[in-house]
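Engineer: Just dropping this structure here.
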Amino acid sequence: MILIIGGAWQGKLAYALELAKSADKITNPLDSFMYKKEKTEVYEIAEGHRDSFEAAMKCPIIHGFHEYIRRLLKEGKSVEAFIDAIEEQNPNVIITSDELGCGIVPFDPADREWREASGRASVRLARISRAVYRMVCGIANQIK
């Protein structure tokens, strides 16, 4: 597992595609934006804001993990169980997640819960990942 963290729009997905391409995990980085190919259930990237939780168990890249966490919380599902399942079923995945804890504390209690859960999930993912990168302005700094 590889974790790539950073602020929004810092180049996390582009770097994940680069890592996946160099490891032959995806066929063509441009095709990766085709989340489902034709009528098959082939995924290249699991998008946290819209793809199924099952897609995260299959895809070589999970993009927007923090959005999966938002959805899990809204549905009353366990973030820990989701991470357990990914660790077991998709141990070589590349995960991108936005850092949410660097700004103003949200007024909405649900947003504060999401921010805290995302931070705790990132800590756990970093602990179990073989490599962790922090993206700033499109530059990846390996921190683990």
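Engineer: What is the dipole size for the chain, taken about its Cα centre, with +1 at each Lys and Arg Cβ and -1 at each Asp and Glu Cβ, in debye to the nearest 20?
Structural biologist: Using only the charged Cβ atoms, the result is roughly 240 debye.
Engineer: Normalised by the residues of the chain, what does the relative contact order come to in percent, with Cα pairs under 8 Å and at least six apart? Spell out each step's value before the answer.
Structural biologist: On the way: 225 pairs, mean separation 50.6, N = 144.
Here the relative contact order equals 35 percent.
Engineer: A follow-up question, please. Of all accessible surface on the chain at a 1.4 Å probe, what whole percent is carbon and sulfur?
Structural biologist: Working: 4360 of 7940 Å².
Answer for the chain: carbon and sulfur cover 55 percent of the accessible area.
Engineer: I would also like to ask the following. Just to be sure I follow the rule: in the chain, considering lysines 8 or more places apart or on different chains, how many pairs have Cα atoms under 27 Å apart?
Structural biologist: 26
Engineer: If you build the convex hull over the alpha carbons only and average its shadow over all orientations, what do you get for the range 54-119? Give it in nm² to one decimal.
Structural biologist: 4.4
Engineer: The chain: percent of C-alpha pairs farther apart than 17 Å?
Structural biologist: Pairs farther apart than 17 Å: 58 percent.
Engineer: Still on this structure: Around Arg70, under 13 Å between beta carbons, what's the net of Lys plus Arg minus Asp minus Glu among the other residues?
Structural biologist: With Lys, Arg at +1 and Asp, Glu at -1, the neighbours total -2.
Engineer: Hey, another quick one. Hey, what number do you get for the chain at 222 nm if only DSSP H runs of n ≥ 4 count, each worth -39500 (n - 2.57), divided across all residues, to the nearest 500?
Structural biologist: Details: 4 runs with 52 residues, N = 144.
When only DSSP H runs of four or more count, the value is -11500 deg cm²/dmol.
Engineer: Next question. Could you give the accessible area per residue of the chain, probe 1.4 Å, as a whole number in Å²? It would help to have the intermediate numbers written out before the result.
Structural biologist: Details: 7940 Å² over 144 residues.
Accessible area per residue: 55 Å².
Engineer: If you take every DSSP beta bridge fully contained in the chain, what fraction is antiparallel? Give it as a percent rounded to 5.
Structural biologist: Of those bridges, close to 20 percent are antiparallel.
The values are calculated or read from the model by the stated rules, or taken from the named source; none is laboratory data. All values reported here derive from a predicted model rather than from experimental measurement. Neighbour counts run over all protein chains shown; Cβ positions are idealised from the backbone, glycine included. SASA here: full protein model, heavy atoms, side chains in, ligands and nucleic acids out. Shrake-Rupley method; radii C 1.70, N 1.55, O 1.52, S 1.80 Å.
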